[in-house]
1. Given the range 1-118, what percent of its DSSP beta bridges are antiparallel, to the nearest 5?
2. Please give the residues of the range 73-97, grouped as numeric ranges, whose backbone N is less than 16 Å from a label point set 7 Å along the Cα-to-Cβ vector of ASN151.
3. Mind sorting out which of (1) 53, 35, 27; (2) 48, 42, 29; (3) 46, 37, 37 is the real Cα extents along the principal axes in Å computed from the coordinates?
4. With every protein chain present, what is the per residue accessible area of the chain (1.4 Å probe, Å²)?
5. List every residue whose amide H lies under 5 Å from the amide H of PHE123, counting only residues 5 or more places away in sequence or on a different chain, with H placed 1.01 Å from N in the peptide plane.
6. Given the C-alpha centroids of the range 118-133 and the range 55-72, what is the distance between them in whole angstrom?
7. For the range 122-200, with the dipole built from +1 on Lys and Arg beta-carbon atoms and -1 on Asp and Glu ones, taken about the Cα centre, which of MET173, ALA137, ASN151 lies farthest toward the positive end?
8. Based on the inverse mean of 1/r over its pairs of different Cα atoms, what is the Kirkwood hydrodynamic radius of the range 72-168, in Å?
Amino acid sequence: MDHYYTRKPNSVLKIRTANLKLKNGRIYKFKTPSGVFSFGKVDKATKILVEHAIVHGKKVLDLGCGYGVVGIVVKGEYPDSEVYMNDVNERAVEFARINAKDNNVDVTIKCGSFYDPWQEEKFDVILLNPPMAAGKATVLRMIYESIKHLNEKGSLQVVAYHNKGGSYIKKAMQETFGNVEDICKEGGIRIYKSVRLKGA
């Protein structure tokens with residue numbers, strides 16, 4: 001079985017279309033490729049993140065963007081925001097670009113792991129549906145390094161199943177930022193939010 005958290009998926013490319021209807025009635029359409037997380041449908045945690053994320057400031061990073069749902073929806077719903085997206089998976093990045101064009105949004109998408117494509121950048125919001133299958137060390141690194149890429153009062157918002165790794169994510173966010181809160185609880189899924197405070 002091919003792992004989606006890899007630069008070059010080896011699986012034969014298959015494409016399915018997935019629709020995402022928001023509570024406000026807007027519909028986004030995505031081409032979803034095999035070898036990328038959540039093939040054929042938008043997963044429940046991602047749906048919850050795009051519906052409940054608190055978008056503030058100007059610059060938003062969709063870290064580990066997959067085929068682009070979070071960043072594309074954020075840009076569509078908050079057209080004045082500057083949205084940046086990256087993923088380690090080259091196939092994911094290719095389809096994130098296709099989906100951005102198909103949904104008529106202007107976003108910046110790069111291929112690369114962790115924060116590598118954004119060494120000189122800082123953001124007001126970082127949104128993350130972490131690649132739990134890639135292992136705890138990978139997820140924790142995404143959290144620990146986030147604070148260096150946030151502006152003062154910038155926030156990291158992470159969605160996870162609380163009983164399937166979410167509890168250690170919340171703990172790591174508290175350790176990194178000195179604060180964390182649940183901004184959404186729905187069906188075992190939570191969104192955790194931490195803010196970079198002055199002097200951090």
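The values are calculated or read from the model by the stated rules, or taken from the named source; none is laboratory data. Computed from a predicted model, the values in this text were never measured in an experiment. FYI the Cβ positions are ideal-geometry reconstructions off the backbone, even for glycines, and counts take in every protein chain you see. Ligands, DNA and RNA are stripped out before the accessible areas are found, and what is left, the full protein with its side chains, is counted by its heavy atoms. Shrake-Rupley method; radii C 1.70, N 1.55, O 1.52, S 1.80 Å.
1. 45
2. 79-84
3. Read-out taken from this structure: (3).
4. On the way: 9580 Å² over 200 residues.
On a per-residue basis, 48 Å².
5. Long-range HN contacts for PHE123: LEU150, ASN151.
6. Centre-to-centre distance over Cα atoms comes out at 8 Å.
7. Value computed over the given set: ALA137.
8. Working: mean 1/r = 0.0691 Å⁻¹.
Value: 14.5 Å, from the Cα pair sum.
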